[in-house]
Amino acid sequence: MARSVGFEGIGAGALVYFKSALTRGTDENKLVKVSADETVALCADGEDVYGIVRVIDAKDKLAGVQINGIVADYPALHATIPPLGFAHVIAKTASQVQLKAATAGWKVRRVIKSDDTNHLCTFEL
C-alpha cells in the first residue's frame with residue numbers, strides 16, 4: 001500500500017467555542033479574530049488570524065474554532081506565498097489568507113507547503 005504525505009488534524013486538538021453572530025452553512029472554514037470577550041467575528045483584510053471556524057451551532061450560534069494545529073491546503077492570495085519556513089498569516093478576506101515575510105510585531109507561523117499555482121498553502125496556527 002502506497003503512503004502519501006498528509007497533515008490533516010495534526011495538533012488541532014479540541015475546538016474552542018466562542019459566542020458569534022456567524023451564519024451556519026455560510027461561515028464555516030472562514031478566518032476569525034477575537035472581537036470582544038468570549039466572542040469571534042470574521043477577519044477583514046489585513047487582520048491577524050486567531051483561528052478558523054469549523055462548526056457553528058444552529059441553536060445558539062456558538063462557533064467551534066480551530067486555534068491550534070495544521071491547516072491543510074487553505075486558499076491563499078496569488079503571488080503572496082513566501083518561501084517555506086516562517087511567515088505571517090494575515091487575512092486577505094474572511095476565506096483567504098495572505099502570507100508575508102516574517103517581521104517584528106506579528107505572530108509568526110510555520111508554512112510547510114506553498115502551492116502558488118493552485119493558490120493554496122498549508123500552515124500551522
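Which value, in Å to one decimal place, does the Kirkwood hydrodynamic radius take for the stretch 17-125 when every pair of different Cα atoms is included? Display every interim value, and only then the final one.
Working: mean 1/r = 0.0719 Å⁻¹.
When all Cα pairs of the stretch 17-125 are included, the Kirkwood radius is 13.9 Å.
Using each residue's phi in the stretch 112-125, evaluate 6.51 cos²θ - 1.76 cosθ + 1.60 at θ = phi - 60° and report the 3J(HN,Hα) Karplus result to the nearest Hz, with x for Gly and Pro.
For the stretch 112-125, the Karplus-derived couplings read 10, 8, 9, 10, 6, 5, 9, 6, 10, 9, 10, 9, 9, 6 Hz, x marking Gly and Pro.
Karplus couplings for the stretch 27-34 from phi (6.51 cos²θ - 1.76 cosθ + 1.60, θ = phi - 60°), rounded to Hz, Gly and Pro as x?
9, 5, 6, 9, 7, 10, 10, 7
Throughout, read-outs are computed from the coordinates displayed, never taken from laboratory work. Everything numeric in this text was worked out from a predicted model, so none of it was measured.
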